[in-house]
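Every number here is computed from the coordinates shown, using simple stated rules; none is lab data. In this text the structure is predicted, and so the values were computed from the model without any measurement. Virtual Cβ from ideal backbone geometry, glycine too; neighbours counted across all protein chains shown.
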Amino acid sequence: MTNTDAFDAPLTLDPDAVLIVIDVQKGFEDHDFWGPRDNPQAEQRIAELIAVWQETDRPIVTVQHASSSGPLVEGTPGYALKDFVAGITPALHITKTVNSAFYGTPDLHAWLQERGARQLVVTGIITNVCNETTARMAGNLGYDAVFPVDAMHAFDMTGPDGVTVPAAELARATGTVLHAMRFAKVVTTGTVLKAAGAQISGE
């Protein structure tokens, strides 16, 4: 199986699969602070996932990051969720100050256990930071984590050696590790939407 085939492998989507929308906040539009990003279609893909979750009455969890400095400080314009996310009514809203959505308030793991939910679809910002950390922890906790890697984006980052790694390479590395080490099913948004559509139509 090639990597492309893996993206297109059949996916079964649980009727109560939880969509976790991480940190889709206006502060990430400050590219003077964050630098270049990849995947300009990320917001459109996230919106497509939100729409199918609403259409199929599946639960959506929104997550909002409160930084101590920078563009995501609570109370500043950048802290606000982007409009297409702010306009939805989630089943749960989490605020956090660290990377993993599992270390926020209210407690995500406790909420999921209460519901008996086992499958999580992780989307949002940033691919290789909060999204990856949440997906890794989901896998460690025994959840069936799904990672639609085109429904998120990363930023260029500079390492301790002074070399700047492009966002697309960081995103690819994240997808590679999550897939190879079986933390999550790394797929495309289209694969998730197809799974939702197949379930709706009874195919």
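Summary of computed values
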| quantity | calculated |
| --- | --- |
| Charge dipole (the chain, unit charges on Cβ, about Cα centre) - positive-most of Ala66, Ala135, Ala173 | Ala135 |
| Lysine pair count for the chain [Cα-Cα under 20 Å; pairs on different chains or 8 or more apart] | 4 |
| Structure-based [θ]222 nm, the chain - -39500 (n - 2.57) summed over DSSP H runs of at least 4, per residue, nearest 500 | -10000 deg cm²/dmol |
| Order by protection proxy (mean Cβ within 10 Å, highest first), peptides 156-162, 133-139 | 133-139, 156-162 |
| Net charge of neighbours whose Cβ lies under 12 Å from the Cβ of Arg118, counting Lys and Arg as +1 and Asp and Glu as -1 | -2 |
| Full-extension gain in nm, Val177 to Gln44, via 0.36 nm per residue minus C-alpha separation | 45.4 nm |
| Charge dipole (debye, nearest 20) of the range 61-156; +1 at Cβ of Lys and Arg, -1 at Cβ of Asp and Glu | 140 debye |
| Leu141/Asp57 FRET efficiency (R0 25 Å; Cβ-Cβ; nearest 0.05) | 0.50 |
| Residue-span extension gain [Glu74 to Thr12] - 0.36 nm each, minus C-alpha spacing | 18.6 nm |
| Fluctuation leader among Ala180, Ala145, Ala167 - the chain, Gaussian network, Cα springs under 10 angstrom | Ala180 |
| Electrostatic dipole magnitude of the chain [Cβ: Lys, Arg +1; Asp, Glu -1; Cα centre; debye, to 20] | 340 debye |
| Net +/- balance of residues flanking Pro77 in space, Cβ distance below 13 Å, scoring K and R +1, D and E -1 | -2 |
| Cα shape, the range 83-199, gyration tensor, a/c 1.5 rule | prolate |
